[in-house]
Protein chains: 2
Amino acid sequence: MTDLGASLARIVRRLMKAEEPVLRAHGLSMWAYAALSSLAERPATSQLALAKAIGYDKTRLIGLLDELAEAGLVVRERDPADRRSHIVRLTPAGESRHAAARADIRALEDDLLGALSPTEQRQFRAMLARLADES
Amino acid sequence: MTDLGASLARIVRRLMKAEEPVLRAHGLSMWAYAALSSLAERPATSQLALAKAIGYDKTRLIGLLDELAEAGLVVRERDPADRRSHIVRLTPAGESRHAAARADIRALEDDLLGALSPTEQRQFRAMLARLADES
DNA sequence: TATTGTTATACTCTATAACTATA
DNA sequence: TATAGTTATAGAGTATAACAATA
């Protein structure tokens, strides 16, 4: 049987390639979308926490947040309890931008999973979520 | 439900991070292992065909094959039928190097899938192979 | 004219270390 | 002293175009 890593990497590459132009049409990079998605679930207590949540480097997150803030999609506020930290949250514009992008992304994902039956799709998504949550 | 792309990308990143040192212990990079794996199934009729088979750039494959050839793991032969093409195949040393690395990689994969039951693992691998084969 | 292999170049992405301000 | 955020820089990875040999 073929390697798990090879199959996964191939699928990810194909998905990224399909999603990239769709996100760009919304004015978002892949990492920008990842950040907005995380913030849509809940605001970040610090930039470091956000970096860990999306698996991104904290030093690169800075420039990304600069752009997102300038575009009016997120706001950074100093945490009154610990003035070293920045609380990061979506603006209303950020929320709607994310929702619009997500609808298109979701359509692409369903297309990718088209080779599977509806039941299999649910199973696959569920198993994937379990594996991704592990660490 | 969480994004498919985000879950997949996270799993791939985790798997790569775990596999990279294991492969390095065998003197292989991730792409070197991908190339050996493809050649282990069948020799490549051309470098271009190998590049497509593993989803790698043809211009970067050249340096990779230079290293693998110097290490005695693969050989390049001009195709007598089309002297532009190079047929690429594993040497006996390449075959055994790949088999040894693959055994270790397989153990890592089983570990990653540990959160799933044996039945689910089979289902997951099967669905993944179908999705990866699509294109 | 088109394709395979190749080289060179520029560009992006990523990792590391060092600095500041707060704690 | 330790941590959050920041900056700068070097290195790895990647994409693109151009060329020689062959078809």
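Data for the structure
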{"quantity": "Positive-end residue of A:54, A:15, A:28, charge dipole of chain A with Cβ unit charges", "calculated": "A:54"}
{"quantity": "Size of electric dipole in the protein assembly as shown: Cβ of Lys, Arg +1 and of Asp, Glu -1, about Cα centre, debye, nearest 20", "calculated": "200"}
{"quantity": "Accessible solvent surface per residue of segment A:4-133, calculated while the other protein chains remain in place, 1.4 angstrom probe, Å²", "calculated": "52"}
{"quantity": "For chain B, calculated [θ]222 nm from helices alone, where every DSSP H run of n ≥ 4 adds -39500 (n - 2.57)", "calculated": "-22500 deg cm²/dmol"}
{"quantity": "Alpha carbon centroid spacing (whole Å) that separates segment B:62-135 from segment A:24-71", "calculated": "35"}
{"quantity": "Cα-based helix-to-principal-axis angle, B:58-70 vs chain B, degrees rounded to 10", "calculated": "70"}
{"quantity": "Theoretical gain in end-to-end length, residue B:17 to residue B:99 [0.36 nm per residue, Cα-Cα removed]", "calculated": "27.5 nm"}
{"quantity": "Per-residue average of Cβ from other chains inside 10 Å of B:52-61", "calculated": "1"}
{"quantity": "Kirkwood-based shape ratio for the protein assembly as shown, expressed as Rg/Rh from alpha carbons", "calculated": "1.03"}
{"quantity": "Carbon/sulfur fraction of accessible area - segment B:4-133, other protein chains in place, 1.4 Å, %", "calculated": "54"}
{"quantity": "Per-residue mean of C-beta atoms belonging to partner chains within 10 Å, peptide B:123-130", "calculated": "6"}
{"quantity": "Among B:24-30, A:125-131, the order from most to least packed when residues are scored by Cβ within 10 Å on average", "calculated": "A:125-131, B:24-30"}
{"quantity": "For segment B:1-115, with +1 on Lys and Arg beta carbons and -1 on Asp and Glu, the positive-most of B:85, B:99, B:72 along the dipole", "calculated": "B:85"}
{"quantity": "Viscosity 1.002 mPa s, 20 °C: Kirkwood-radius Stokes-Einstein D of chain A over Cα pairs, µm²/s", "calculated": "130"}
{"quantity": "Approximate spin-label separation residue A:129-residue A:56, in nm, with each point projected 7 Å along Cα-to-Cβ", "calculated": "2.3"}
{"quantity": "Electrostatic dipole magnitude of segment B:1-99 [Cβ: Lys, Arg +1; Asp, Glu -1; Cα centre; debye, to 20]", "calculated": "160"}
{"quantity": "Partner lysines for residue B:52 [C-alpha distance under 17 Å; skip if fewer than 8 residues away on the same chain]", "calculated": "A:17"}
{"quantity": "Residue-count net charge about residue A:51 - beta-carbon cut-off 10 Å; Lys, Arg +1, Asp, Glu -1", "calculated": "+2"}
{"quantity": "Area hidden from solvent between A and B (accessible, protein heavy atoms only, 1.4 Å, total, Å²)", "calculated": "4300"}
{"quantity": "Degrees between helix A:4-25 axis and first principal axis of chain A (Cα, 0 to 90, nearest 10)", "calculated": "60"}
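The values are calculated or read from the model by the stated rules, or taken from the named source; none is laboratory data. This structure is a prediction, so every number in the text was calculated from the model and none was measured. Neighbour counts run over all protein chains shown; Cβ positions are idealised from the backbone, glycine included. Side chains are part of the model used for accessible areas, which takes the heavy atoms of the whole protein and leaves out ligands, DNA and RNA. Shrake-Rupley method; radii C 1.70, N 1.55, O 1.52, S 1.80 Å.
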